[in-house]
Every structure is written in C-alpha cells, then in structure tokens.
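Undergrad: Take a look at the following structure, please.
What follows is calculated from the coordinates using simple rules that are stated; it is not laboratory data. All values derive from a computational prediction rather than experimental measurement. We place every Cβ from the backbone using ideal geometry, glycine too, and count neighbours over all the protein chains shown.
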Amino acid sequence: MSLLCLGLLLATGTKGQVVVNFSPVVYGQSLDGLAYALIMNSTPGNLLAKVTIRVRQGSMNVVTVIMAPFQLHPGQNEINKSAYSTARFAFGNNNYGLMVSQTGRFLEGEYEYCFEVDVSESKDPRLPPVFENCFTHLLLPRTPLLLINPVDGDEICNRRPQFIWQPPMPLPADARFRLLLTEVKDRQDIVEAITYNPPIINQANIPGNTLFYPSNAPELKEGQKYAWQVTVYVAKTILTRSEVWTFIHKCQDPKREITPDSYRELKEVDGGDFYVADTWLRFSLNNPYAAGELNYSITAMDASGKTVKGLPNLKLAAGLNKYEIDLSEKNKFKVGREYMLSVQLADNRTLRLRFIYKNE
Amino acid sequence: MNRRIIILLLFQYSLALSAFSQPDTGLQIRLDTSTINNNYYKKHFDSLINAGHKYRDKKSIKNLLTNSVKKLMVLPDNMLRKPITLHNATAEYNRIDNEASYITPSGYSWYGDFEVSSSWSVATIPFDVHFNNQTWNDISNNNFSNVGIHFNKENYLQVLKSSLKDKFNPEEFLTNDIKNQLDNIKRNAETTLKSDLEKIGQGFGDQLKDKIGELGDLKQLMSKDLHVVREKLLNNQYLQSVIGKEKLLSELQAKINMGQAVDENQLRELQNEVLKLKGVNALIQKVEEYKSKWDSSGVLKKVKQLELLNEKQLEKIAKDPATIIKQAKAHLQLTGLQRLFLKLNQLKFGQNTLSGSPLSVNHLLNKGINTEIAGKNKSLMVGLGKLKTFNSIFDQPFTNSILSNDGNAKMISVGLGNASAGNARFSIMTYNQSMGALENFASISGLSANNTFRSTVVTTISNEMRLGESGIITTEISRSATSYRQSVDSDTTLQSKTAMQQILNSDNLLNSMAVSCRYEDELEDQQLSYGVQASMIAPGYNNPGNSFLTGGSKEFGVKAKKSFWKRKLQASVKTNVREYNFGDGTDKKWRSIYSIIDLRMKLRKGQSVGIRYMPNKMIRVAGGEKSMVSILERLSVDGTLAQKIAGKYYRNNLTLAWQRNKHMLANDPVLNNSLSVSSFQSITLGSKLLFVNTLYDHSRNNSQFVFFNSTFLAEAGVTYILLKKVSLSSSIINNGVKGWYNQIGIKQSISGQLRERVNFNIYVDARKNMKLYQPLLYGLFRTDISINYLIK
C-alpha cells in the first residue's frame, strides 16, 4: 500500500503536467510570435495560469512579458491574446531590447525563450507551482520576399508567363508559397485589386520560387492590367508577404484612334496653307454626282514629283464623303515631306489638298 | 442626409479652415477668401473663420454651425426637388468553380463575388458608391462585404468644364512668352518684307498697291506655299488679260510706227499694264527671296516649333484642374456646397486605401474616412480607419501572422506648394495595434475592454522639387516610435515613455529614422530618361503604414532608358542593390543584387524583337566571408512576327527563355535550370481567328515537386462571332507534367451581350487524365462565370 502511494506521489510530482510548445524557427522572429506558443494542460481540470515569457540573448535580458492570469482548459490551449495585449513588457536596457521594443522584431543572435507557467493560484497541492519550458534558437531574421518576374509596370506579350520571386532567407524547410493573380480595374488601387477581385490564380502549396502558369487558368487578356502578390507561410501562419506588382498584357500596338473633328475639305483652289497630317490623312469632299470609285492620287511635292503607289481603293458616295488614310501603314510617306492630294470628280474638276506628313 | 451628420462633417471642415487661420497655432497660413466673388458667401466664410477664437461654450458653437449649415445648404429649386440623383449603376456577379479545393485537393470549391457599382449626384456633387460581397465555400468564415463611397473629383471637374465651354479663353493663362516670341518673329519678318515690297511698288509708280494687297497678311506668308502666292498674283485670268493687252499694245505700236493716230490714254494704260506685270514678277521674286532666307536661317523651323509648343501649352491649360476651378468660381453661379467641394481633392467613406508617400503611408487598406482639402498652394489630408491583418477572404485559411496589423490608424498631413512647382509635406500617423478580436473576458479579472497592444507614431517630411523641364527630385525623412500598453524600463518600475514622448525626444534618433532620395529626369530631345534612388531604413524604424519597409536595410538603384533611330530601338537598364543588416554589429548582412537589361527593336507593321537579361542574386556576408544563398539568371528573347500570307494576316508571338535557378531551402540547395519556348500563332480568316498555342518548359532537374518539372502544353482553337453579338473561342488541349500526368481537354469561352443590359463571360476548362502518375494539385474541371447587368 505504502509503495502504491509512493508510486502515485512520484508520478504526479515528477511528471510535467503543463507543457509549453513553441516553434522558435517560425514564431521566434517577433514579439507577436511569442503569443503563438501552445500550452498543453494534462490535468483533468481547469487551471488558472499566469504566464511569464523571458527572452534572453546570451546573458542579456531582451524582454520579459508578464501576463495577467487566464484559464487553461484541459488539452491544448493558445495563449490568451487579450492577456498578451495587456501584459506588462519589460525591455532590456541594451540594443536588443531597444530594437525589439521599437520594431517588434528580434535582432540576429542566439536566443533563449523561456515560458514560465505559474499555476499556484489554482491551489492544487498535487501540482508544482511553476512549470517552465525553454527553447534556444539561433535566430536569423528573414530577408523580405522580393518579386522578380514579371517586372513591375512591365508590358508583356506572353499569355501564360512564368512567375518568379526571391524567397526570404533563411527559409524553413516546411515553408510554402501562395501566389495570387487578379485583374486590376480602371482607377482601382492595386492593393484593393489583389484583395477583393476574383482570382485568376490562387495557387498555394508552392515549395519553390517559381510557378509556371497553371494550365487550367484562363489566359491573360490583351490590354488588361494585372496585379500579383506572393505570400510565404508555414502551416497556418503567414511569415511575410511580397509587395504587389502590376503588369499589362500587351501584344499588339494600340489601334491608332481616329478623332472625327479634323477632316479637311478639298477645294479647287486652296489657300496655300499646309495641312499637317499626323499619321492619318483625313479629308472630306462633296460629290454632287453618282456614286463610284474615288479617283485620287497623292504626289510628292519635292523635285521628284513621284506619285505614291499602293494607295487603298476608296468608294465615293453621293453627297458628303469623309475619308481617313493611315499614312504610317504604307511606309511610302516620309516624315516632314510635303505632298499633294488630288481628287478628280466626274466633271473633270480637280480638288486638291496639300499636306505635310508627321508621325509623332 | 441626416442634419446631424451634415453638421458633423461641416464641423470637421470648419475646424480645419479655422485652424488654418488661427494665429496661435503656429501655422502662418491664412485661407484666401479674396477669390470668392459672391459677397454673400465671402461674408459668411470670413465670419466663420474669424469666429474661431470666440468659441467659449458648446451652445455658441452649435448655433454657429447650425446657421452655417443653413447658409451653405441654400440650394436652387431644381436641386431641392432632386437632391439625390442616380446616374448609372451596374451589378456584377463572378463565380469560379474548381474541381480541386484549396484546402483539400480531392474536394470541390467555388468562389463567388457580387459587386454593385453606381454613380450618384448629391446636391450636384458626384459620388461613386461601390459594394462587394465575397464568398468562398472552402473556409468556415466565408462571407465578406465591403462598402465604399468616394467623391469623384474628375467627374466634378468634367461637369464644370462642360459648363464653362465658351466662357473662358485658355490663352489668357499662358504664363510663358511663347506667343510673344512668335508675334515678334512674325512682326519683324513682316516689317522688313513690307518695306522691300513697297520700295518695289514705288519703283513702278505705285501701280502695285492692289497686288501687294492681294498678298494678304504678310505674317502668314511664312507658312504659305510659294506656288500659291504665284498663282494668286499671276492667275490665269490676269495673265490672259495681260497677254491680250500686250497684243493690243503691239497693234497700237505698229499703228504708231505706220504714222497712224492712236488713243494716247489707251496706249499709256496698256504700257502701264505691261509694266505692272514686270512689277508683279519682281514682287514674287522678292517674296521668294525672303522665303528662302527664312528657310535657310532656320526661322521657319523655329516658328513651326513654337506654334506646336503653344498648342500643347494651351491644351494643358484647358485641362488643368486649378484653371477649371478658378474659372468656375469666376463664371458660374455655384452654391456653398459646390464651392466647398471645389476645395476637396478627395473624400472617401468606408472601404478605402490611404496613400501619401513611401515613407509615410502607402496603399494602406482601411475602413474609415479620409479626405484632402486643397487651398491656394496648400493642402490638408486627414484620415482615420480601422485596420486588419487579414483583409482578404483568401487569407482566411491562415490564422496567425508573426506581425499583427489589427487596430486603427489616424493620419494628418499638411502640404505646401503645388504639383507644377514642387511641394513639401509634413505627415504624422498614429497606429494602435491589437492582437485580434476581443475574447471572452469571463476568465480574466480586472482587465479593460481596450485591446490596444502597441502604439506607433510615425512622422514624415517629404519634399518634391522640380528641376528643369522634366526633372523631379523627391526626398523624404521619417521617424518612428513605438510604445506598449504597459511597458517599463528594465530593472525599474518606471513606465516607459509613450510613443509621442519618444518622437519629441532626440534619444535613439538615428536608430529610428528612415531616409530616401529619388531623382528622375527626361531629356526629350535625346530620347533619354533616367533615374537614381537611394534609401536607408534604420534597424529601429517601424512603419505599419508601409509594411514593405524593412528595418536595417539600405538600397541603391539606377535606371536608364534610351531610344535610337526615331524610337525604333530602345535600350534600358535597371539595377538595384539592397543590403540587410539585422544584427547588432556590421559584420553580418545579406546583400541582394537585381538587374534588368533590355533591348527592343520595333520593326514594320507592329512587329518587334527583344532580348532581356535578368541576373539576380543574394549573398550572405558573415565574418568577412561571402557565400551565395540564391542565384537566378534569366535570358529571354521574344519577338512578334506579322505577315500577310495569301491575303490572310498571320501573327506569331514567340518567346524563348533560359533560366538558372538555385536557392537554399533550409540547408539544402534546390536547383532548377530550365529552358522554355512559348509560341502563340494566329491567322485571320474573315471574321474568324485560328490559333495554335504551344508551350514547352524543359527542366533539367526534375524533382518531386510538380512545379519544377518539365511541362508541355499544346492548344489549337478558333475564335469566332455568332449572331453578331456573341464571341466564342473553342479549343482542344493536350498538356502534361513529366512524372505527374498527361491530359487532354477542351476549353470553351463565350462572351456577349443579351438584350441591351446584360453582358456575360463564361469560361470552361475540362480535362481528362490519359496518364496519372501522382495525385494532382489542379482539378480537372474549372468554370469562370461573369454576368454584368446594367441597372441604369
């Protein structure tokens, strides 16, 4: 009997019944991360716990976090976030303490994270008053996640581009990436676009730093602006995000727009002014006769006096006619040169227009 | 609108206006009321500003503001009848169905997004209202809604501009002397030419006055064609008449020679006419001489350049918001509310983003209110909003973040100057961050409900200066300070200083600062643009308004772009070097070097070819030793070929890329070199477009990771129009990943319009596995549907 009692006493007195689990590789980078430690309560009942976290770098005290008591239920418990928010933070009087107090991030160094759980207020005589678990870790703060390709602000012709980024270093072995690609609407902020627009690509579990365009995702659309962002995470914890970069898918030169307000009327006798035709030659004439083919020619006004060949065939309707000729497409016109457009009507009258060709 | 809300809003603006003019605030800026022409409103604004110092009790403030509201809300009858007008509204529903869950690859998921966008006028002031709701069945917390109401300044200016049509002349606003230069050149030319022409005229007994008159405005001769001048003065009719007169003169001369009597007057007249012709020829010769002189001296070219520049300046003035606003005040009968909104650059309620500058606040998503009031060369931006770490529905699978951003933000920013001359801005932002939503406090004794964990204050001064025509230099300096709800200095029980106290203290100044400088310029005549940037973020600097600023980093970057051969060839280079020091000393750091070198040649008919080289590497420097951590090199060549084959247009967009990719994962290197080829070929047959899309990525280091293995995709299809309103694209696909799968499938997309109000887009991708080696991450079936309904 006495042996049985001794055995029970040893079992309850020597085994840790409150155990703290903490992953410094993932959560040891920041002050916020300390709140994600898990506390396992192996006792059958609730415990009122007062948790103190001490972080040291060598012999220097970096920060001590003293929380108000909160309930630990049987099983796995998270640190109460409200208790953590309202905890008292005592920062070490050294550079490490100063930096973490200002930025919330620990500097590079070898740290010891000690979690002390004081359950003395539970007044359970079977339990030791304090449980403590310590974790040491050589902390290398992670570099930012940098995007590489497609380049920010780029115009690309590939409908299925490959996405590439520079991963943060050092990277935990179980880290994974998530890539989001969305369209950006007119006048929309790029962060709003990546947050609220339907995702063309929402691909998780990427183990490396590249992603070939998913085969089942719709291709990029001509002229559309896109936003993309990469997030790196471990399990359900986001480690960091990249910036939001944008690019435009563009394969074709924009169709030159016609502004319908600058048609020059052809006349029999012109005033001697030169019309400056910027890429497009726009002219109009009134045809009092029947419809047919427009009989016209364009001649260079320099010494060569050559007639331009390969002009488009144009129809002539009865009444007012308006025409646009894209001078740049033909490659027959030289910038800065002067030309004469002549149109012959059915009654042998000739209408003319002088113009200088520009292409800006 | 609720009267109390109006009073609240106007209270905010009135205080802002009053603060600007209070002599004891330290801001030596007065609101300029001289531009308000209407005496009624001028008196009202002056009384409002001057009354600021008289605030003694709430009752007097309330009375003043209530009266102000009544005065401001004096609206014309038509506005009273329709104070709120809906101009247009669209509703859109998007849905993505995927036979592969984000969470469980063997599951099924769908994502839905419903949006309503509308434009309204409230008392003629245009507002955009946007609502969106997102749902996602893959997660439990799966319904997110947002509403945003934004004042649309662009629309407002457009309405004013159209009302001002024909009411003002942009030429009055030309501040440069281009017009004077032009007038002077032309006047000088006219004076000298006129003098010479008159001398010629005098030589011909002033017979040429009418012909000189026919030349018209001599200033315009600079841009006239000489042939026309010749035709004008020596037209067929005139020449024929002179020929006739010459003939007649010859007959008379013959008669005189034969001793016959002739009419002396007639003889004299004919002689004068013939002589006049010589005079006209002399005039034309003189004009020819001058034209040639103007041309060879470059005067003509200068005139053309100045005329073009003048045109551009006038266009710019006509579009300049400051000019439109000034003219609207002068020429239009505006209500008090309309005049108030002339001063606002932005006003946003609900879901919005706060942006100032990189070192103040940049693309910060929040729910709240922000506004910017602009006066004469000064502005005031005020914002406050609620922040969240996980804003997006797509972040809901995550529960933790190692740096929380839940909380709220407040910002006030004062600017001096304007966009054209340069401006300076001082901003102060405060952030109160928490660790998430409040939990049940039943188990916690003695704690308040306030969940603020960390408070950060960030102050930033930024200055933008114009250099020359296109140069801009932007400098920023910022400081941050952070405090915790309860924090003590180590080994004492003394409460630490608050963030505001720290900001006003010079302790730890250099360790909590960030500095950035950026210079960009363009030399248009040399087709060259370039820029330089440098920044330093101290290890103790923390700015929740821009989470991409990394403490302990330095960055230096250069970029340049030049065009040759009339912009047919473009070369550009961009390099960024970043260094990260996260340690207590300086012997351990990370260094990242990123470059892009581009060469692109534009060919005829929209064709082009380009080559790009992108080296990128990161090294670790520790104890004097360097080690390569990651290296990525990419060399790509792309080209667009367009040809007409048998009357049909053929186009091929081709890309070839070689890539070397190596980085450390934990302590193991991951190597993935690849070569990829992609080609999109299309041929137009009438209204149909046939296309073939081929993509092959050859990976030299196939691995267990599906994303790194060799991939092949071949797609052939046709795009066509049906019933003139519906556009369809149908294709068959074969794709595979080495060691994983080989599939065939079909893709179908349909987009069009039903009746006049409904637009739709449907995309379907369905596959079948021909060979399956390992479980897939992508599903075999995906549909994207989008329906857009025009409500009004």
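Undergrad: Using 7 Å Cα-to-Cβ label points, what is the B:Val122/B:Val677 separation (nm, one decimal)?
TA: 6.1 nm
Undergrad: For chain A, with a Gaussian network of springs between Cα atoms less than 10 Å apart, report the residue from A:Thr279, A:Thr182, A:Thr64 with the top mean-square fluctuation.
TA: The residue with the greatest mean-square fluctuation here is A:Thr279.
Undergrad: Another one. Please find the FRET efficiency linking B:Glu469 to A:Arg187, where r is the Cβ-Cβ separation and R0 is fixed at 41 Å, and quote it to the nearest 0.05.
TA: After rounding to 0.05, the efficiency reads 0.90.
Undergrad: Tilt of helix A:2-14 relative to the longest C-alpha principal axis of chain A, in degrees (0 to 90, nearest 10)?
TA: The answer is roughly 30 degrees.
Undergrad: Would you please give the FRET efficiency between B:Phe426 and B:Lys562, computed as 1/(1 + (r/R0)^6) with r the Cβ-Cβ distance and R0 = 41 Å, to the nearest 0.05?
TA: With a Förster radius of 41 Å, E is 0.65.
Undergrad: Then there's this: Using per-residue counts of other Cβ atoms within 10 Å, averaged over each peptide, order B:644-651, B:382-389, B:548-555 from highest down.
TA: In descending order of packing, they fall as B:548-555, B:382-389, B:644-651.
Undergrad: Continuing with the same structure: What full-extension length gain, to one decimal in nm, is calculated for B:Gln285 and B:Ile750 as 0.36 nm per residue of separation minus the Cα-Cα distance?
TA: 160.4 nm
Undergrad: Report the FRET efficiency, 1/(1 + (r/R0)^6), for A:Asp278 and B:Ser727, where r is their Cβ-Cβ distance and R0 is 25 Å, rounded to 0.05.
TA: Calculated value: 0.15.
Undergrad: Still on this structure: Please report the relative contact order for the range A:15-139, taking Cα pairs under 8 Å with a sequence separation of at least 6, and give it as a percent rounded to a whole number. Could the numbers behind the result be given before it?
TA: On the way: 276 pairs, mean separation 36.8, N = 125.
With pairs under 8 Å counted, the relative contact order is 29 percent.
Undergrad: Report, in listed order, any pair from A:Lys225/B:Lys561; B:Lys326/B:Lys568; A:Lys221/B:Lys378; B:Lys348/B:Lys574 with a Cα-Cα distance greater than 32 Å.
TA: Those over the limit are B:Lys326/B:Lys568; A:Lys221/B:Lys378; B:Lys348/B:Lys574.
Undergrad: Something else about it: What is the fewest-to-most order of B:Trp658, B:Trp565 by other Cβ atoms lying within 10 Å of their Cβ?
TA: So the ranking, lowest neighbour count to highest, is B:Trp565, B:Trp658.
Undergrad: Starting from 0 in steps of 5 Å, tell me what percent of the Cα-Cα pairs of the range B:609-734 lands in each bin.
TA: 2, 9, 13, 15, 14, 12, 10, 8, 6, 4, 3, 2, 1, 0, 0
Undergrad: Length gain on complete extension for the stretch B:Leu603 to B:Ile631, per 0.36 nm per residue less the alpha carbon to alpha carbon distance?
TA: 6.7 nm
Undergrad: Now, a different point. Quick one: length gained pulling B:Glu269 to B:Gln533 fully straight, 0.36 nm per residue minus the C-alpha distance?
TA: Result: 86.9 nm gained on full extension.
Undergrad: Quote the Stokes-Einstein diffusion coefficient, in whole µm² s⁻¹, for the range A:146-249, based on the Kirkwood radius over alpha carbon pairs, a temperature of 10 °C and a viscosity of 1.306 mPa s. Don't skip to the end; give the middle numbers.
TA: Working: Rh = 13.9 Å.
It diffuses with D of about 114 µm²/s by this estimate.
Undergrad: Per residue of A:224-236, how many C-beta atoms from partner chains lie within 10 Å of its own C-beta, taken as a mean?
TA: On the way: counts 0, 0, 0, 0, 0, 2, 0, 5, 0, 6, 2, 3, 5.
Other-chain Cβ atoms within 10 Å of each residue's Cβ, averaged: 2.
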